[in-house]
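Here's the structure we're looking at; comments come further down.
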Amino acid sequence: MSKKVHITATINGRETEFLCEPRQSLLEVLRDELRLTGTKEGCNNGNCGACNVMLEGRLVNSCLVLGVEVQGKEVTTIEGVASKDGLHPLQQKFLENAALQCGICTPGFIVAAKALIEQKPKANEQQIRHYLAGNLCRCTGYDKIVRAVQDAAKECAGKAK
Amino acid sequence: MSTSTPFKVIGTRPIRHDGVDKVTGRAVYGADVYLPGMVHGRLLRSPVAHARIKSIDTSAAEALPGVEAVATSADLPDPGDRIAELGEGAINVRHLSSNCLARGKVLYKGQPVAAVAAVSPHVAEEALKLIKVEYETLPVVIDVRAAMQDGAPLLHDDLRTESLGKPGDKPSNIAKHFQFQKGEIEQGFKEAAVTVEREFHTATVHQGYIEPHNATAQWNADGTVTLWCSTQGSFSVRAQVGELLGIPISRIRVVPQEIGGGFGGKIRVYLEPVAVVLARKAGRPVKVVMSRADVFEGTGPTPGSYIKVKMAADASGRLTAAQAYMAYEAGAFPGSPVNMGAMCVFACYDIPHVLVDGYDVVVNKPATSAYRAPGATNAAFATETVIDEICEKLKIDPLDFRLKNGAKEGTRRADGPVFPRIGMIETVEVAQKHPHYKQVLQTNGQHKRGRGVASGFWFNCGLKSSATASVNADGSVSLVEGSTDIGGSRTSIAMQLAEALGIRAEDVRPIVADTDSVPYCDVTGGSRVTFATGWAAYEAAQDIKRQMVQRAATIWGVPADQVVYEDGTIRSTSDPAKKLTFAELAAKLHATGGTIVGRASVDPTGVGGGLATHIVDVEVDTDTGKVTILRYTAVQDVGKAIHPSYVEGQIQGGAVQGIGWALNEEYIYNDKGEMTNASFLDYRMPTCLDLPMIEPVLVEVANPGHPYGVRGVGEVPIVPPPAAIANAIYRAIGVRMQTLPMSPGRIVKALHNGNGKS
């Protein structure tokens with residue numbers, strides 16, 4: 001067994017310390033060490049997006065990042081998307097649009113879609129589909145997911161005015 | 001109940017009860033279970049597709065620091081040779097056991113041969129590398145027709161063909177040959193003006209749920225077992241584990257966690273018995289999770305198949321005869337869904353003379369399991385393509401042809417049943433009037449465009465369900481049921497209880513409970529949950545209503561027959577002043593004799609079949625062979641849509657799985673029988689960039705066999721897409737595709753050869 005490394009990172013706005021083996025991925029650290037199990041493993045090789053998190057403001061597959069790489073960095077997971085005051089508009093619109101069935105891909109989609117609408121608040125359908133092409137959903141056929149993201153983007157733009 | 005009754009809850013779109021947990025990451029799925037002292041299990045899988053296991057040496061793995069337990073099939077009781085009823089039909093226990101940990105032989109690449117539990121997943125993986133397995137490799141057969149030949153490599157020395165009920169005299173890979181017959185097939189062909197016969201091949205495809213299989217087991221000091229897992233049927237897991245390990249079911253508690261997709265693939269156990277054995281040996285709880293490659297290589301795909309269909313019609317466009325030869329790959333062990341495919345192959349149509357021959361054939365691929373309308377999609381690809389060709393020859397619009405020949409109430413299927421009220425004709429009528437079907441399709445340079453239609457049938461299931469519902473003092477109801485919720489079924493079940501009680505959907509708190517906390521419930525499968533568990537909830541509501549009437553009568557001191565329950569209100573028929581709402585009476589229960597619990601256990605007949613007609617426009621790039629879906633409309637008879645959004649979701653999701661099956665998805669094998677594309681990168685499921693919006697059109701032909709008219713909706717949407725797309729591709733490029741998937745390479749080849757045979 002390899003020696004563990006002490007890491008300090010900001011996770012969902014809180015300074016967090018943990019020990020991890022150099023071979024553990026960020027996904028493993030989030031789930032197995034920090035019990036932030038909202039981030040899901042679907043493939044463990046970067047093909048499904050279920051483990052999407054934000055790392056220093058960039059959307060990443062946490063299965064492709066090592067735990068030791070987040071030393072001193074900022075990570076936001078699905079658990080950091082809702083505020084104390086309530087759900088993020090994306091979460092609310094996913095519910096209203098029935099944009100989830102089994103729900104296993106939902107955290108990854110919400111993290112990815114949030115990154116999109118923050119970058120491109122006026123993304124059209126094609127841009128949304130392009131941006132979310134790294135997230136697999138097997139239940140919905142994506143229709144209601146795309147509509148939820150469109151609705152949330154509109155609501156966020158309205159609030160920003 | 002008359003379906004003209006205006007519903008208050010049914011047909012509305014409340015937010016699902018488990019929704020907030022699922023959008024915030026709080027919902028607990030199987031892999032999210034962590035127990036004190038828990039260690040991690042991993043499985044060693046066969047690197048070869050067919051071999052005798054000469055020896056397994058686990059000593060080096062056992063000696064690795066951090067390893068807590070190692071298991072092989074020697075740790076499973078000898079299953080003997082017996083068949084057990086395990087929740088989804090009869091299962092050969094020896095086969096099921098060998099599929100969990102191989103015994104004597106491996107029959108496909110990816111079959112588990114040993115398992116390790118260790119302090120971390122990484123240590124477990126290191127230990128797997130230290131296990132030495134000596135294999136004597138054997139010749140491999142992975143194609144259904146090759147496996148049927150005399151002299152083909154045999155997977156099982158003791159498997160003999162059961163042909164039309166009689167046992168065969170020599171070992172064979174053909175497990176079963178059966179026939180469905182109606183009328184006199186030769187007579188039907190004699191009456192025909194047009195006959196079309198074509199052969200079709202479909203590739204092995206996977207359900208592709210995003211959540212890998214997982215199981216966490218705890219072996220308790222008193223010999224009881226607790227299992228947390230991702231399953232479509234907690235009681236089925238209990239029965240299978242009990243049977244495989246020789247443990248009475250009363251000593252096993254299965255706690256179903258949230259399930260990240262199943263589509264039929266999470267009914268058979270894979271990891272659960274292994275996790276229990278490891279937990280017993282380690283003396284600690286063990287969690288086992290599959291990798292994505294494990295899921296592809298080791299869990300049930302749906303079969304590849306060879307189907308020959310011959311159909312005939314008279315000059316007026318009426319079908320006279322239909323014949324099918326259907327050979328499905330069961331994978332390593334008998335049990336492909338060819339029988340279900342044969343039930344569905346011609347079920348959309350009223351045909352006087354039918355003959356279907358079905359063959360269940362073992363090959364060196366993973367044991368197939370159910371996948372959304374198992375067997376029916378393969379069959380519809382063949383039938384609906386041949387129908388399209390008949391329409392072309394007779395110069396009849398394909399929807400007009402379906403109106404003329406579509407099955408309706410009273411039509412007898414070749415496998416026996418006579419249809420009750422079904423909506424085949426209605427789906428065609430609605431499709432015909434839909435703007436999509438009327439829109440003119442323009443071609444666009446080298447991008448050829450075409451429109452196709454196809455219909456599909458799935459029979460749906462009933463099976464056993466139960467529910468208990470307790471009235472809370474605040475006027476809400478806690479509903480406990482056993483159907484694991486794959487796609488919003490908690491809510492559709494709760495809505496039926498709410499409708500029956502005259503309360504709001506939000507006033508019902510549904511939970512899916514473990515096997516010790518809820519009465520027996522069959523699997524979440526066969527599109528049965530909203531139908532049957534919904535019915536259990538309806539009956540539990542009737543039980544509550546009876547008791548509330550009785551209680552109000554006691555409180556008011558009037559005979560119970562002078563109290564009625566209407567629209568969420570309990571009132572006296574003799575004294576208009578005596579009236580209580582559901583919530584008002586609920587608040588009085590504790591002081592007037594105690595709480596009220598409604599309960600029900602149902603095993604309903606009256607299942608209504610599902611029928612669908614899909615329209616698709618495609619664009620084919622004749623340089624690259626890429627097919628793009630331009631527009632997709634899926635018309636379906638849904639009986640009564642309890643929660644229309646989730647009904648639409650089933651249709652959209654099923655259609656898209658069908659699109660993936662049609663265009664890209666396949667297990668690609670090398671000549672050693674090794675799957676070469678066991679990842680989401682190379683096994684190409686549709687992404688949102690590959691698709692347009694999918695328009696679902698709900699046609700409500702109430703099922704007379706259900707109190708609210710419900711018929712299953714989940715499975716039939718996957719059935720028409722491959723044929724509809726093949727028919728659209730034909731309109732675009734003039735070539736009939738006869739092999740799935742219709743991937744770019746195959747389209748280019750078809751354009752070059754002028755036919756779509758391979």
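The values are calculated or read from the model by the stated rules, or taken from the named source; none is laboratory data. Small disclaimer: the values here were computed from a predicted structure and weren't measured. Note that we place each Cβ from the backbone using ideal geometry, even for glycine, and neighbour counts take in every protein chain shown.
Kindly indicate whether B:Thr515 is assigned to a loop (DSSP other than H, G, I, E, B) and crowded, with 18+ Cβ neighbours inside 10 Å. In short, yes. Would you confirm whether any residue within the stretch B:535-550 is within 18 Å of B:Gly233 (Cβ to Cβ) and either in contact with a Ser or Thr (Cβ under 6 Å, 6 or more places away or on another chain) or without any contact (Cβ under 8 Å) to a residue 60 or more places away in the chain (or both)? Yes; the residues of the stretch B:535-550 include at least one that is within 18 Å of B:Gly233 (Cβ to Cβ) and either in contact with a Ser or Thr (Cβ under 6 Å, 6 or more places away or on another chain) or without any contact (Cβ under 8 Å) to a residue 60 or more places away in the chain (or both).
Selection over the stretch B:357-384 of residues that are part of a helix (DSSP H, G or I), within 20 Å of the chain's Cα centre (by Cα) and among the aliphatic types (A, V, I, L, M) gives a count of 3. If you take the residues of the stretch A:22-42 that are in contact (Cβ under 8 Å) with a residue 40 or more places away in the chain and within 10 Å of chain B (Cβ to nearest Cβ), which of them is farthest from A:Lys73 (Cα to Cα)? If we take residues in the stretch A:22-42 being in contact (Cβ under 8 Å) with a residue 40 or more places away in the chain and within 10 Å of chain B (Cβ to nearest Cβ), then A:Gly42 is farthest from A:Lys73 (Cα to Cα). Here A:Gly72 meets each of (1) at positive phi; (2) within 12 Å of chain B (Cβ to nearest Cβ) with one exception, condition (2). Scanning the stretch A:125-152 for residues that are more than 9 Å from chain B (Cβ to nearest Cβ) and buried (at least 24 other Cβ atoms within 10 Å of the Cβ) yields A:Ala148, A:Val149, A:Ala152. Of the residues making up the stretch B:49-83, just one is touching a strand residue (DSSP E or B) at 6+ places or on another chain (Cβ under 6 Å), crowded, with 21+ Cβ neighbours inside 10 Å and in a loop (DSSP other than H, G, I, E, B), namely B:Thr58.
The residues in the stretch B:28-60 that are among the aliphatic types (A, V, I, L, M) and either more than 14 Å from chain A (Cβ to nearest Cβ) or farther than 25 Å from B:Trp219 by Cα (or both) can be counted, and the count is 8.
Checking A:Lys122, A:Lys114 one by one, the residue that is more than 30 Å from A:Lys4 (Cβ to Cβ) and either touching a Pro at 6+ places or on another chain (Cβ under 7 Å) or within 12 Å of chain B (Cβ to nearest Cβ) (or both) is A:Lys114 and no other.
Please report, ordered by residue number, the helices (runs of 4 or more DSSP H) entirely within the stretch B:385-483 with at least 1 residues that are among the β-branched types (Val, Ile, Thr).
Working: elements: B:398-405, B:424-433, B:435-438.
Ranges flagged: B:424-433.
Of everything in the stretch B:608-625 that's touching a Leu at 6+ places or on another chain (Cβ under 9 Å) and part of a loop (DSSP other than H, G, I, E, B), which residue is surrounded by the most Cβ atoms within 10 Å (Cβ to Cβ)? The extreme case among them is B:Gly625. Would you call B:Gly639 away from chain A (no Cβ under 14 Å), surrounded by 24 or more Cβ atoms within 10 Å (Cβ to Cβ) and not in a strand (DSSP E or B)? Spelling it out, B:Gly639 is indeed away from chain A (no Cβ under 14 Å), surrounded by 24 or more Cβ atoms within 10 Å (Cβ to Cβ) and not in a strand (DSSP E or B).
Being touching a residue at least 60 places away in the same chain (Cβ under 8 Å), touching a helix residue (DSSP H, G or I) at 6+ places or on another chain (Cβ under 7 Å) and either assigned by TED's automatic domain parsing to the domain that holds B:Val471 or of a type outside the set (A, V, I, L, M, F, W, C) (or both) narrows it down to one of B:Pro510, B:Pro519, so name that one. Working first, answer last.
Numbers: B:Pro519 fails: touching a helix residue (DSSP H, G or I) at 6+ places or on another chain (Cβ under 7 Å).
Of B:Pro510, B:Pro519, the one residue that is touching a residue at least 60 places away in the same chain (Cβ under 8 Å), touching a helix residue (DSSP H, G or I) at 6+ places or on another chain (Cβ under 7 Å) and either assigned by TED's automatic domain parsing to the domain that holds B:Val471 or of a type outside the set (A, V, I, L, M, F, W, C) (or both) is B:Pro510.
The residues listed here are B:Gly705, B:Gly673; of these, the one that is of a type outside the set (A, V, I, L, M, F, W, C), surrounded by fewer than 23 Cβ atoms within 10 Å (Cβ to Cβ) and more than 29 Å from B:Ile387 (Cβ to Cβ) is B:Gly673.
Checking the structure you have, find out if any residue of the stretch B:662-684 is farther than 30 Å from B:Ser291 by Cβ, within 20 Å of the chain's Cα centre (by Cα) and part of a helix (DSSP H, G or I). So far as the stretch B:662-684 goes, no, none of its residues is farther than 30 Å from B:Ser291 by Cβ, within 20 Å of the chain's Cα centre (by Cα) and part of a helix (DSSP H, G or I).
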